[in-house]
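Visitor: Quick one: structure below, then a few questions.
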Amino acid sequence: MPPSARIPTIIIGITCLGLGFLIGQRLATPEACCAETLPVVVRQSGYRLINPLLECEVGDFASLRQKYIPFEKVAKQRILIEVQQANPGLELAVYVRDLNNGPWFGINERDLFSPASLLKVPVLMSYLKAAESDPAVLTRELMYDGPKAFFAQQIAAVEPIRPGTVYPVGELLFRMIVNSDNDAKDLLKSALPTSTLETVYRDLGVEVPGLRSASDYMSVKDYASFFRILYNASYLDRERSEQALELMAKTRFRDGIIAGVPANRTVAHKFGERITLQAGRPVAQLHDCGIIYHPRAPYLLCVMTRGPEFSRLPPVIAAVSKIVYQEIDQAHPAEGK
């Protein structure tokens with residue numbers, strides 16, 4: 001072949017090689033693996049609570065989604081009949097995601113709620129991100145002078161921090177997540193540069209609190225991304241992602257998601273609650289989001305609720321959790337069944 005004839009062939013080869021490299025890079029990034037259109041991923045085992053992404057494989061998305069549709073339809077119908085119709089005046093949003101491969105479904109997943117104490121998770125992630133480069137961050141001591149603001153908690157913190165006491169950051173993170181201590185959260189936030197926390201929100205594509213005047217600004221689908229990213233270890237490193245979920249697996253609130261799954265199942269979760277006045281009437285919100293470590297199909301469940309009576313909300317979340325667990329369990333039977 002004369003040299004002039006080989007030039008187009010060489011150009012085409014280089015172009016194809018470059019495109020192949022770019023496509024390969026796109027498929028190998030954790031962000032791409034989390035996309036809705038790439039459901040089959042390769043993960044690294046060996047961890048208790050995280051399942052880090054290594055690379056993506058192109059799978060048969062159509063057949064996978066087809067297998068998931070019957071479960072989605074039945075679950076939605078049960079939630080409508082057994083939960084929503086049984087609780088008039090209730091506002092409910094649900095997000096469910098298969099954490100192995102990525103299919104998901106939602107109910108009112110774009111509706112906006114007040115995240116309240118759910119925002120303790122990005123505070124935790126901010127400190128753990130800083131600890132990746134400087135582990136001494138977690139041993140730094142902070143003095144608690146007393147509360148700067150007061151919000152009545154319907155679910156009171158166990159053993160709240162005491163004024164006039166010095167606490168290491170690591171202990172404050174434990175109290176903030178496990179005990180849902182608002183004072184621990186406020187002390188941690190006061191020592192955290194605003195730009196650092198905002199960076200976490202922006203890095204993860206979640207709206208920065210305070211940008212809107214309304215208190216209801218976060219959807220159940222947006223909030224669920226924090227747990228998906230921790231499970232994938234695609235923002236914090238593996239050690240810190242595991243550390244974050246270990247704390248949330250010790251959360252003491254057990255009347256929501258945990259109440260709907262068998263007692264021997266690990267659940268890493270965080271709840272949030274808020275009561276506000278609208279037109280002179282109280283409006284209660286309670287949310288619970290987390291990872292349920294089903295032995296054959298770990299999944300993410302996030303439930304946000306709003307209604308006139310706070311006491312009605314925990315059983316609602318528990319009922320949704322029970323329905324989802326039952327459907328997941330039936331869709332993934334043990335071998336021999």
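Visitor: Cα atoms only, the range 57-331: Rg and Dmax in Å?
Guide: 18.6, 60
Visitor: Could you state the number of Å between the C-alpha centres of the range 277-304 and the range 145-203?
Guide: After rounding, the separation between the Cα centres reads 21 Å.
Visitor: Under the Karplus relation 6.51 cos²θ - 1.76 cosθ + 1.60, θ = phi - 60°, what is the ordered set of whole-Hz ³J(HN,Hα) values for the range 102-114, x standing for Gly and Pro?
Guide: Computed from phi, the couplings for the range 102-114 are x, x, 8, 8, x, 10, 6, 5, 9, 5, 9, 9, 8 Hz.
Visitor: Further question: Using the Karplus curve 6.51 cos²θ - 1.76 cosθ + 1.60 with θ = phi - 60°, what ³J(HN,Hα) values do you get for each residue of the range 221-227, in whole Hz, with x for Gly and Pro?
Guide: Listing the rounded values in order: 5, 5, 5, 4, 4, 4, 6 Hz.
Visitor: Can you work out the Karplus-derived ³J(HN,Hα) for every residue in the range 75-83? Use 6.51 cos²θ - 1.76 cosθ + 1.60 with θ = phi - 60°, whole Hz, and x for glycine or proline.
Guide: Whole-Hz 3J(HN,Hα) from phi for the range 75-83: 4, 4, 5, 5, 5, 4, 7, 7, 10.
Visitor: Against the empirical 2.2 N^0.38 Å scaling, what ratio does the C-alpha Rg of the range 264-330 come to?
Guide: On the way: Rg = 14.0 Å, N = 67, 2.2 N^0.38 = 10.9 Å.
Cα-based Rg divided by the globular estimate yields 1.29.
Visitor: Let me ask something else about it. List every residue whose amide H lies under 5 Å from the amide H of Thr266, counting only residues 5 or more places away in sequence or on a different chain, with H placed 1.01 Å from N in the peptide plane.
Guide: Those lying under 5 Å, H to H, from Thr266 are Tyr293.
Visitor: Using 0.36 nm per residue, how much length does the chain from Gln278 to Glu91 gain when fully extended, once their Cα-Cα distance is taken away? Walk me through the numbers before you get to the answer.
Guide: Numbers: separation 187, 0.36 × 187 = 67.32 nm, distance 1.48 nm.
Once the chain is fully extended between Gln278 and Glu91, it gains 65.8 nm.
Visitor: Shifting gears a bit: Sort the range 186-337 into rounded, prolate or oblate with this rule: let a ≥ b ≥ c be the square roots of the eigenvalues of the Cα gyration tensor; rounded if a/c is under 1.5, and if a/c is not under 1.5, prolate when a/b is larger than b/c, oblate otherwise.
Guide: Numbers: a/c = 2.14, a/b = 1.21, b/c = 1.78.
Note, shape of the range 186-337 comes out oblate.
Visitor: Just list whichever of Lys76/Lys221; Lys76/Lys185; Lys120/Lys250 have alpha carbons separated by over 25 Å in the model shown.
Guide: Numbers: Lys76/Lys221 16 Å; Lys76/Lys185 35 Å; Lys120/Lys250 15 Å.
Cα-Cα > 25 Å for Lys76/Lys185; rest within.
Where a number appears in this text, it was derived from the coordinates with a stated rule and is not lab data. All figures in this text were calculated on a predicted structure; none of them were measured in a lab.
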